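The values are calculated or read from the model by the stated rules, or taken from the named source; none is laboratory data. Only a predicted model underlies this, so the values are computations on that prediction, with no experimental measurement involved. Cβ placement follows ideal geometry from the backbone for every residue including glycine, while neighbour counts extend to all protein chains displayed. Accessible surface areas use protein heavy atoms only, side chains included; no ligands, DNA or RNA. Shrake-Rupley method; radii C 1.70, N 1.55, O 1.52, S 1.80 Å.
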Amino acid sequence: MSSTFDLSHHAVTPQWQFAARRWATWLLVVFAAALLLVTYARSITTGGLDYSAYFDAGNWVRQGHSIYERSLLWRDVGYAPEYPMPKPDGMAFLYPPAFAVAIVPFTYLSIDTGFAIWLGILFVTLVASTWVVLDTLFPKLSRTTLLTLTVIGSAAAAFFQPMRTILITGQVDVALIMLMALALRAFVKRQDMRVAVLLGVAIAIKPTIGFLVLFLLWKRAYRAAIYCCVIAGVLLLVPFAITGGVQGVLEYIAVSSYASGPGFDVSPINQSPWGLLLRFFTPNAYTVPFVVAPLVPTIGRIIIGLATLGGLSLLVKRSRTLPVTQQALEYSLVIIGLLVAGPLSEAGHYGYLLIAIVAMVAALTQTPLSTKVRYGLAGALVLLFGYLSLPSLTPIDCVFFEYWQAPVAGAKVLLTGMHVYGLLAMTALACVTLWQTRQART
């Protein structure tokens with residue numbers, strides 16, 4: 001009797017465990033889906049500050065007006081994001097004209113209805129990006145498991161503070177993340193023409209993503225690099241034919257020059273290392289510099305750029321026969337390098353780090369690392385994800401907007417780079433992860 005009872009007990013227990021895991025998974029999926037819906041509902045009430053700039057630009061295209069008139073006004077009055085003065089005439093449009101043309105269909109709707117649809121598109125691209133990255137880096141997952149992890153991963157991504165910034169302002173960066181994720185997938189599959197098209201479209205929206213062309217050249221994907229430049233060039237230049245012609249080109253160059261210059265990039269909204277140096281060493285409306293030494297940021301920018309290129313040349317192998325996880329880590333490092341060396345890296349741009357985070361998770365779970373190294377790197381990644389997800393991080397960057405009364409001084413100036421510190425830590429962690437995974441495979 002006792003023996004029979006024991007056999008029955010051992011036969012039933014795994015079924016209970018399986019059922020418990022299944023229910024726990026479904027509850028987690030339901031919670032994640034609910035979190036996405038709540039995030040959408042909360043985001044839609046914000047009005048979408050950046051979307052308003054897109055909407056206005058689309059209207060200007062329809063009306064035949066200059067899409068950069070407001071941006072030039074910002075330049076003329078010396079306005080930068082969160083500058084302590086009333087915003088002149090609304091949000092400025094700083095993108096190439098192709099994006100303004102693409103937004104025109106939304107202008108036939110009310111701004112609120114258009115934003116609701118636009119936000120829905122952003123959430124769809126967020127889920128699609130998660131699916132693409134997971135399917136690329138975890139190809140052995142079943143479709144059911146992949147779908148489950150996509151929902152959970154999308155909710156985790158929506159919790160990430162940079163992604164929340166993108167969603168509440170209606171920034172286009174989620175679509176750029178999807179294009180970069182698709183380009184990574186195409187690259188590891190040797191689909192070079194597809195890589196060229198995807199990155200070409202992304203560059204036509206935000207030219208700074210052209211930094212990834214260096215990755216293609218370094219990896220000897222010359223055809224992809226050439227076609228990418230041609231596609232991006234066409235998409236950048238042709239729309240000027242209906243948005244101002246030569247005058248429109250000159251206006252865009254003037255706006256881009258201002259947006260990548262010290263007067264604009266000193267704002268604490270800019271969380272690039274160069275922006276932090278500007279706040280540390282140049283007179284401005286936001287901070288009292290530690291020392292007035294304008295040459296320090298200039299020299300620092302050059303050093304940061306050279307160090308980024310030099311570091312990438314050492315860390316990124318020229319071979320395309322490496323394991324997918326290592327290629328993804330290398331690709332991620334170039335994306336991180338874009339944020340480190342770029343003149344303007346806002347909190348929303350930090351959403352690009354999600355590709356690097358998933359790449360590191362894949363490397364840590366698929367590489368035969370020692371237990372100590374695996375858990376050490378995983379713990380550091382969790383801490384960094386948590387740090388960059390703090391809800392008050394952007395207000396701290398702006399030192400809770402105390403500069404509206406007077407520029408912040410003393411140790412408080414250090415607080416204007418809270419995202420920068422996380423970026424530098426993420427850079428170090430990605431480098432160590434790549435090095436450890438390589439060592440484990442040799």
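As for the range 348-368, it holds at least one residue that is over 20 Å from I269 (Cα atoms) and not in a helix (DSSP H, G or I). Please tell me if Y252 is more than 30 Å from T416 (Cβ to Cβ), surrounded by 17 or more Cβ atoms within 10 Å (Cβ to Cβ) and aromatic (F, W, Y). No.
One residue stands out in the range 406-442 among those that are assigned to a loop (DSSP other than H, G, I, E, B) and without any contact (Cβ under 8 Å) to a residue 24 or more places away in the chain: the one that is nearest to V373 (Cα to Cα), namely T442.
When Y403 is tested against (1) in a helix (DSSP H, G or I); (2) open to solvent by 30 Å² or more (accessible area, probe 1.4 Å), just one condition goes unmet, and that condition is (2).
Quick check, is L214 open to solvent by 60 Å² or more (accessible area, probe 1.4 Å), at pLDDT 95 or above and of a type outside the set (G, A, S)? Criteria met by L214.
Considering only residues in the range 192-223 that are free of Cβ contacts under 8 Å to residues at least 60 places away in the same chain and of a type in the set (K, R), the one that is nearest to V101 (Cα to Cα) turns out to be R194. Here the range 374-400 is the region considered, the condition is being open to solvent by less than 40 Å² (accessible area, probe 1.4 Å) and of a type in the set (V, I, T), and the residue that is farthest from F280 (Cα to Cα) is T394.
Scanning the range 212-222 turns up no residue that is in contact with a Gly (Cβ under 7 Å, 6 or more places away or on another chain) and of a type outside the set (G, A, S). Candidates R279, R223: the one that is open to solvent by 30 Å² or more (accessible area, probe 1.4 Å) and of a type outside the set (A, V, I, L, M) is R223. Would a scan of the range 322-342 turn up a residue that is under 30 Å from M85 (Cα atoms), open to solvent by less than 30 Å² (accessible area, probe 1.4 Å), in contact (Cβ under 8 Å) with a residue 60 or more places away in the chain and outside any helix (DSSP H, G or I)? Within the range 322-342, one or more residues are under 30 Å from M85 (Cα atoms), open to solvent by less than 30 Å² (accessible area, probe 1.4 Å), in contact (Cβ under 8 Å) with a residue 60 or more places away in the chain and outside any helix (DSSP H, G or I). Does A158 count as crowded, with 22+ Cβ neighbours inside 10 Å, within 16 Å of the chain's Cα centre (by Cα), over 21 Å from Q326 (Cα atoms) and in contact (Cβ under 8 Å) with a residue 24 or more places away in the chain? The answer is yes for A158.
Which one is farthest from V266 (Cα to Cα) among residues in the range 68-84 that are within 25 Å of the chain's Cα centre (by Cα) and in a loop (DSSP other than H, G, I, E, B)? The residue in question is Y68.
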